[in-house]
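Participant: First, the structure itself, so that you have it in front of you.
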Protein chains: 4
Amino acid sequence: MSAAPFTMTRRILFHETDLAGVVHFSNYFRIMEEVEHAWWRSLGRTVHAADAAGALSWPRVSVTCDYTAPLRFEDEVELTLAVESVGEKSLAVKVEFKLAGRMVATGAMRSVCCRVESGKFTAVIIPAEVRERLLACK
Amino acid sequence: MSAAPFTMTRRILFHETDLAGVVHFSNYFRIMEEVEHAWWRSLGRTVHAADAAGALSWPRVSVTCDYTAPLRFEDEVELTLAVESVGEKSLAVKVEFKLAGRMVATGAMRSVCCRVESGKFTAVIIPAEVRERLLACK
Amino acid sequence: MSAAPFTMTRRILFHETDLAGVVHFSNYFRIMEEVEHAWWRSLGRTVHAADAAGALSWPRVSVTCDYTAPLRFEDEVELTLAVESVGEKSLAVKVEFKLAGRMVATGAMRSVCCRVESGKFTAVIIPAEVRERLLACK
Amino acid sequence: MSAAPFTMTRRILFHETDLAGVVHFSNYFRIMEEVEHAWWRSLGRTVHAADAAGALSWPRVSVTCDYTAPLRFEDEVELTLAVESVGEKSLAVKVEFKLAGRMVATGAMRSVCCRVESGKFTAVIIPAEVRERLLACK
């Protein structure tokens, strides 16, 4: 059984464009993250959570984006997030960007579950209750 | 024979960090582009050039970044750009991020040479004199 | 008679924060613009419109922001835009930022109506139908 | 006696432009901060310092910018920072943007010296040795 992917719509902002008249390629990663964090909230959670043992953070270890058509000011992008894998310490998601039903970009992000202490990140095993929640989305 | 790679140093800015105290992963792509454009200038050119036939632009078709250690405010990052390939219509570069000689991230960007007319991008063969200049960097 | 001010709610994104754990001060201007552009759309218009005579643009001539309390990741900010003045060629708006009903920042932006031709901006009298629409919001 | 103002030159980046072909107005504040932080370093300090009593931070309380001419990709902006006032707990600076000797924008930022504890900002009297250093720049 597979959970339905998470979807949202997002309008392109003026400052996200560049002099070529289209969304700057770096901003796709910010939009991907926006979708990912909205998905965390849809699970009743937040990406930047604290539990008894301190703060959990999910730094990126590897990200990619492929672009097939540009996005422009005020475009309403349809965004779909799917969980690719849930490892012992890592999470991989894929985000699709569509415009009027047509794919314009596809991104992927792999993150590692970390404890942050005095600014130092240490990879840790994903807490059981978080992991269970993530796996239910696969 | 291979040309020396292009290098520069760049200090991390305050607004590039996020609440985790480190550079936001999306900003690595902006820094990569900054290096790439400085490299174009080192070739006596600009990435956003116009010739008799109109404006040339190099939209990204595929980008990646792998992160191994964080960057922090005021870090002086050592950046190295190497040309990976020069296709008929495309250019692929790789950018390494080092801190005190230690690799902290590696990125790659593939772009396509395009004419822009009325906001529409059309892939074109890289003009001969540009291509020659790029190949000399391989 | 005065029109109701335009309001919207907006959640703070992760990349909008900085290492101090709060929204970077520059991002308030991006949020102000986001509200302003949503307000333009609520008038059935877009800020970046084209008519028979070419493209209209509204570059900023003066902006300010006063900050009284910080905003943090995932805060839901209540935003209110009010039209301050509609000049012959200019528009001034004010944007209030509230969190749980408490004012946390106040910004203002003055823009000038311009034609853009070959990248050159020339201030022009606001087209009559646009001006009428703006005045109805005062 | 008055200290010489702090100056630096900075090239406009591609991602700082928007679809109007010029630098987005919000980015002037990021550039102002970049100048301010470079000035702190020129004083042998960092804006985000820690002393025996903990971390000092300088959140903005009021900022403004006036724009008279646009900035474009690869422009080399001449930036000048002058200290406007050093209060008991606050610092006000002014930054001028020039292009080929011509003023294109003027900004101002007022910040308050704060201790940060558990994410809470408390205004404090500027430490004596910092205040002395700042006053020498007036």
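Participant: Report, in whole Å, the centroid distance computed from the Cα atoms of region A:1-76 and region B:1-76.
Facilitator: Rounded to whole Å, the Cα centres lie 21 Å apart.
Participant: Mind checking which lysines have their Cα closer than 22 Å to the Cα of B:K138? Skip sequence neighbours fewer than 8 apart in that chain.
Facilitator: Output for B:K138: B:K89, B:K94, B:K98.
Participant: Further, regarding this structure: Just the number, please: Stokes-Einstein D of region A:43-88 in µm²/s, Kirkwood Rh from C-alpha pairs, 4 °C, 1.567 mPa s.
Facilitator: Working: Rh = 14.8 Å.
The calculation lands on 87 µm²/s.
Participant: Considering only protein heavy atoms and a probe of 1.4 Å, how much of the accessible area of region D:31-122 is carbon and sulfur, as a whole percent?
Facilitator: Numbers: 1860 of 3720 Å².
Of the solvent-accessible surface of region D:31-122, carbon and sulfur hold 50 percent.
Participant: Hey, what does the equivalent ellipsoid look like for chain D, semi-axes from the Cα gyration tensor as sqrt of 5 times each eigenvalue, largest first, whole Å? It would help to have the intermediate numbers written out before the result.
Facilitator: On the way: eigenvalues 166, 58, 30 Å².
So the equivalent ellipsoid measures 29, 17, 12 Å along its semi-axes.
Participant: In nm, what does the list of distances from C:T7 to its counterparts in the other copies look like, shortest first, when each label sits 7 Å along Cα to Cβ?
Facilitator: Its label point is 3.1, 5.1, 5.8 nm from the equivalent points in the other copies.
Participant: What shape does the protein assembly as shown have by the C-alpha gyration tensor, where a ≥ b ≥ c are the square roots of the eigenvalues, rounded means a/c under 1.5, and otherwise prolate means a/b greater than b/c and oblate the rest?
Facilitator: Values: a/c = 1.16, a/b = 1.04, b/c = 1.11.
Verdict is rounded for the protein assembly as shown.
Participant: For B:G87, which inter-copy label distances result when the label point lies 7 Å beyond Cα on the Cα-to-Cβ vector, reported in nm to one decimal and in ascending order?
Facilitator: Going from nearest to farthest copy, the values are 2.9, 5.1, 5.8 nm.
Participant: Further question: What number do you get for region A:57-128 when its Cα radius of gyration is normalised by 2.2 N^0.38 Å, N = residues? Display every interim value, and only then the final one.
Facilitator: Working: Rg = 15.5 Å, N = 72, 2.2 N^0.38 = 11.2 Å.
Compactness ratio reported: 1.38.
Participant: Can you pull the mean other chain C-beta count within 10 Å for peptide C:58-65?
Facilitator: On the way: counts 1, 6, 8, 6, 7, 10, 6, 7.
Per-residue shielding by partner chains comes out at 6.
Participant: Among B:V112, B:V63, B:F6, whose Cα lies farthest out toward the positive end of the dipole of chain B, if unit charges sit on the beta carbon of Lys, Arg (+1) and Asp, Glu (-1)?
Facilitator: Positive-most Cα among the choices belongs to B:V112.
Participant: By a straight-distance test (C-alpha under 19 Å), which aspartates and glutamates pair with C:K120 as possible cross-link partners, with residues fewer than eight away in the same chain excluded?
Facilitator: Of all the aspartates and glutamates, those that pass the test against C:K120 - Cα under 19 Å, at least 8 places apart if same chain - are A:D18, B:E117, C:D51, D:E16, D:D18, D:D66, D:E74, D:D75, D:E76.
Participant: In peptide A:106-115, how many Cβ atoms from other protein chains are near each Cβ within 10 Å, on average?
Facilitator: Mean inter-chain Cβ contacts per residue within 10 Å come to 1.
Participant: If you take each beta carbon of peptide B:90-103 and count the beta carbons of other chains within 10 angstrom, what is the mean? Can you show the working numbers first?
Facilitator: Values: counts 0, 0, 0, 0, 0, 0, 0, 0, 0, 0, 0, 0, 0, 0.
Per-residue shielding by partner chains comes out at 0.
Participant: Same structure again: What nm distances, shortest first, do you get from the label point of A:R115 to those in the other copies when the point sits 7 angstrom along Cα to Cβ?
Facilitator: Reported distances to equivalent positions: 2.8, 6.1, 6.7 nm.
Participant: Find the sum over both chains of the accessible area lost when A and C are paired, probe 1.4 Å, and report it in Å² to the nearest 100.
Facilitator: Values: alone 7820 and 7850 Å², together 14250 Å².
Interface area, both chains combined: 1400 Å², rounded to the nearest 100.
Participant: How high is the relative contact order of chain B, in percent, with contacts defined as C-alpha pairs under 8 Å that are six or more residues apart?
Facilitator: On the way: 259 pairs, mean separation 38.5, N = 138.
Contact order relative to length: 28 percent.
Participant: On average, how much accessible surface per residue is there in chain C, in Å², for a 1.4 Å probe, leaving out ligands, DNA and RNA?
Facilitator: Details: 5810 Å² over 138 residues.
Per-residue value: 42 Å².
Participant: Relative to the isolated chain, which residues of region A:18-36 have their accessible area cut by 30 Å² or more in the presence of all protein chains (1.4 Å probe, heavy atoms, no ligands or nucleic acids)?
Facilitator: At a threshold of 30 Å² (probe 1.4 Å), the residues of region A:18-36 that become less exposed are A:D18, A:L19, A:A20, A:H24, A:F25, A:S26, A:F29, A:R30, A:E33, A:E34.
The values are calculated or read from the model by the stated rules, or taken from the named source; none is laboratory data. Here the structure is a predicted model, which is why all the values come from computation and not from measurement. Here the Cβ is made from the backbone with ideal geometry for all residues, glycine too, and neighbour counts use every protein chain on show. Just so you know, the surface numbers come from the protein's heavy atoms only, side chains and all, with ligands and any DNA or RNA stripped out. Shrake-Rupley method; radii C 1.70, N 1.55, O 1.52, S 1.80 Å.
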